[in-house]
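What follows is one structure encoded as structure tokens, with my remarks underneath.
The values are calculated or read from the model by the stated rules, or taken from the named source; none is laboratory data. In this text the structure is predicted, and so the values were computed from the model without any measurement. Backbone-built Cβ (ideal geometry, glycine too); neighbour counts: all protein chains shown.
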Ligand code: GDP
């Protein structure tokens, strides 16, 4: 039997890189779509060079997607493409709609025309629930998107359902709650904190500026969430699933656990800065009920909240200590991380 083939759109991101490793370990041929014409593999998959085939293409360019599907002839396509940082979507709402929303339709069209037996995974998100009336949320909870990113994701999510019902494609969405790892970008709050903890512990900085410490999220480990995606594509029936831990923790919880891991007291090093406070965010109780994923997919997270923050701090300490000067992400002083807040473009 020939090897199974998968095409990962957005292979250079956190999820794409973990999924590539996961599929290689299962003897898949892995193809990755990358946007820019560069000779080098993206940083997060540099260690997989030679083991994944990179194809050039862009979610705004239908012909490039058709060509990628033609050349990879995948059995499975995973879409992580588009933007992922919520505040940025207020700066570039048009691009967000184009990539994160319409990009999904372009992929579905490529699949429908090339080979409708290809199985398709769409990265949907808990952000689609916005400020939900009920907690925890399930697959049946109504969407109430609160930002351009979430609106674009709802569009993609619903188009996946329309293509599944209308054309009989095996197309599914995973409604994933926040999932983190040492590969998370430094603009996201967990990594922002663990990155700062390492720099503070090593005497390179003294404090980190954060937004609302009471803002809460359901945080899991990205490596666990990759497994759920793959399981969704191995089922007899195509269906969408919530993937979550079911536990809500605050930003303050993250700071407490992260600083304690390095033997520090968060109260000595965290300062609240209004620029990082998102309006109305404290009222969002985004916590998921993954009962269907447990029942149908036999999916269970293997890393709990404390273990997750510990593994991120440990990785940041090791990288900051050992590889300073080599890893561009780690060379970035926390104080110079671009600030997403831009009052002029955000609604109050
Ligand atoms: P998101 O849930 O996809 O937007 O992931 P983030 O990691 O960016 O934000 C998670 C939560 O942390 C949100 O409720 C933010 O409002 C809150 N938060 C508090 N302070 C900060 C901060 O300094 N940076 C970021 N990114 N988020 C913060």
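A few notes on this one:
- Residue check, residue 213 part of a loop (DSSP other than H, G, I, E, B), touching a helix residue (DSSP H, G or I) at 6+ places or on another chain (Cβ under 9 Å) and either more than 12 Å from the ligand (Cβ to nearest atom) or closer than 27 Å to residue 80 by Cβ (or both): no
- Looking only at the range 121-141, and only at residues there that are in a loop (DSSP other than H, G, I, E, B) and in contact (Cβ under 8 Å) with a residue 12 or more places away in the chain, the one that is surrounded by the fewest Cβ atoms within 10 Å (Cβ to Cβ): 131
- Some residue of the range 104-120 being closer than 24 Å to residue 285 by Cα, part of a helix (DSSP H, G or I), more than 14 Å from the ligand (Cβ to nearest atom) and under 20 Å from the mean Cα position of the chain (by Cα): no
- Flag for residue 55 being more than 16 Å from residue 106 (Cα to Cα) and touching a helix residue (DSSP H, G or I) at 6+ places or on another chain (Cβ under 8 Å): yes
- Residue in the range 216-225 that is touching a strand residue (DSSP E or B) at 6+ places or on another chain (Cβ under 8 Å) and surrounded by fewer than 19 Cβ atoms within 10 Å (Cβ to Cβ) present: no
- Residue, surrounded by the fewest Cβ atoms within 10 Å (Cβ to Cβ), within the range 81-97, restricted to residues that are more than 16 Å from the ligand (Cβ to nearest atom) and in a helix (DSSP H, G or I): 94
- Residue within the range 221-233 that is part of a loop (DSSP other than H, G, I, E, B) and either more than 22 Å from the chain's Cα centre (by Cα) or at pLDDT 95 or above (or both) present: no
- Scanning the range 27-38 for residues that are touching a residue at least 24 places away in the same chain (Cβ under 8 Å) and surrounded by fewer than 17 Cβ atoms within 10 Å (Cβ to Cβ) gives a single hit, 27.
- Residue list for the range 283-302, restricted to those being assigned to a helix (DSSP H, G or I) and surrounded by fewer than 17 Cβ atoms within 10 Å (Cβ to Cβ): 283, 291, 294, 295, 296
- Exactly one residue among 162, 184 is more than 12 Å from the ligand (Cβ to nearest atom) and either surrounded by fewer than 23 Cβ atoms within 10 Å (Cβ to Cβ) or under 18 Å from residue 10 (Cβ atoms) (or both), and that residue is 162.
- Residue within the range 174-181 that is more than 21 Å from residue 129 (Cβ to Cβ) and either more than 10 Å from the ligand (Cβ to nearest atom) or in contact with a helix residue (DSSP H, G or I) (Cβ under 9 Å, 6 or more places away or on another chain) (or both) present: yes
- Flag for residue 248 being more than 16 Å from the chain's Cα centre (by Cα), surrounded by fewer than 20 Cβ atoms within 10 Å (Cβ to Cβ) and touching a residue at least 24 places away in the same chain (Cβ under 8 Å): yes
- Residue check, residue 149 under 20 Å from residue 79 (Cα atoms), more than 13 Å from the ligand (Cβ to nearest atom) and modelled with pLDDT of 95 or more: no
- Of the criteria (1) within 16 Å of the ligand (Cβ to nearest atom); (2) over 22 Å from residue 163 (Cβ atoms); (3) in contact with a helix residue (DSSP H, G or I) (Cβ under 8 Å, 6 or more places away or on another chain), which one residue 24 fails: (1)
- Residues being more than 10 Å from the ligand (Cβ to nearest atom) and either surrounded by fewer than 15 Cβ atoms within 10 Å (Cβ to Cβ) or part of a helix (DSSP H, G or I) (or both) - total across the range 265-279: 6
- Of the numbered criteria (1) within 16 Å of the ligand (Cβ to nearest atom); (2) in contact with a helix residue (DSSP H, G or I) (Cβ under 8 Å, 6 or more places away or on another chain), the one residue 132 fails is (2).
- Among the residues listed as 31, 18, 78, the single one being modelled with pLDDT of 95 or more and assigned to a helix (DSSP H, G or I): 18
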